[in-house]
Amino acid sequence: MGHQEKMYGIVVVRPGDDRRLFGRVRRSSKGDVYAVWAEDESSRNLARGSNPHASYHANGRLHSKTYDQAAIVKKLQFPDQRFRGNQPIEATNADRAASPTLPPLTGHFDDVFELRLDLITGKTNQSIAVDVVEPGLEPVRVTGKDRVLAEKVFQDEAPWIVVSLVETPAAF
């Protein structure tokens, strides 16, 4: 069964309506789900080209990758209409949202998760997470006491894709 190709933006909104790309989430026509973090545009980083992302493939293979090296490879259920439960795909430190070298927002997105910069404290207990969930369910939270500061659920088709700004308890 085919899927609709969808591209969602994770956008940091700074003072003065300055919009920066933090990441993209893509559902391919094959059913793959990708969480791709924007690379900072500093000359030091662009020369290296790390391309940090996670892929949850239609065949159930989930992995994180950077510098073309796969890590944390898992074989899971297929992310299709029969998907049940919830599955974290990737999370990253939210403090990167304050980086002055994030790229400006360009390109076309089917929908966006807008994240106000004033929600980012700079503390290491905040993360931006991408999950897939069975319709009607919530993502897995790290401690069960995590505080969701902002969240967007993309419900175009099952499984749903959830992008969250989450803060874990400082004592965790």
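Part of a helix (DSSP H, G or I) and without any contact (Cβ under 8 Å) to a residue 40 or more places away in the chain - does that describe any residue in region 29-39?
No.
Condition (residue is surrounded by fewer than 18 Cβ atoms within 10 Å (Cβ to Cβ), within 19 Å of A35 (Cβ to Cβ) and in contact with a Pro (Cβ under 8 Å, 6 or more places away or on another chain)) applied to region 100-116: is it met by at least one residue?
No.
Each row is one residue, and each column tells you yes or no for (1) in a helix (DSSP H, G or I); (2) out of contact with any strand residue (DSSP E or B) (no Cβ under 6 Å at 6 or more places or on another chain); (3) polar (S, T, N, Q); (4) at pLDDT 90 or above.
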| site | (1), (2), (3), (4) |
| --- | --- |
| L62 | no, no, no, yes |
| H108 | no, yes, no, yes |
| F113 | no, no, no, yes |
| T124 | no, yes, yes, no |
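Of the residues that make up region 122-143, is at least one surrounded by fewer than 13 Cβ atoms within 10 Å (Cβ to Cβ), without any contact (Cβ under 8 Å) to a residue 12 or more places away in the chain and at positive phi?
Yes; the residues of region 122-143 include at least one that is surrounded by fewer than 13 Cβ atoms within 10 Å (Cβ to Cβ), without any contact (Cβ under 8 Å) to a residue 12 or more places away in the chain and at positive phi.
If you take the residues of region 55-98 that are basic (K, R) and touching a residue at least 12 places away in the same chain (Cβ under 8 Å), which of them is nearest to A150 (Cα to Cα)?
Among those residues, the one meeting the criterion is R96.
Considering every residue within region 8-19, establish whether at least one is at positive phi, without any contact (Cβ under 8 Å) to a residue 60 or more places away in the chain, exposed (fewer than 14 other Cβ atoms within 10 Å of the Cβ) and in a loop (DSSP other than H, G, I, E, B).
no
Filter region 78-92 for residues that are of a type outside the set (G, A, S) and either over 20 Å from R141 (Cα atoms) or loosely packed, with under 15 Cβ neighbours inside 10 Å (or both) and give the result.
F78, D80, Q81, R82, R84 - these are the residues of region 78-92 that are of a type outside the set (G, A, S) and either over 20 Å from R141 (Cα atoms) or loosely packed, with under 15 Cβ neighbours inside 10 Å (or both).
Looking at region 132-149, which of its residues are in a strand (DSSP E or B) and out of contact with any helix residue (DSSP H, G or I) (no Cβ under 6 Å at 6 or more places or on another chain)?
V132, V133, R147, V148
When you look at T101, is it closer than 22 Å to N51 by Cβ and in contact with a His (Cβ under 9 Å, 6 or more places away or on another chain), yes or no?
no
The values are calculated or read from the model by the stated rules, or taken from the named source; none is laboratory data. As the structure is a prediction and not an experimental result, all values here were calculated from the model. Heads up, the Cβs are rebuilt from the backbone with ideal geometry, glycines too, and the neighbour counts pull from every protein chain shown.
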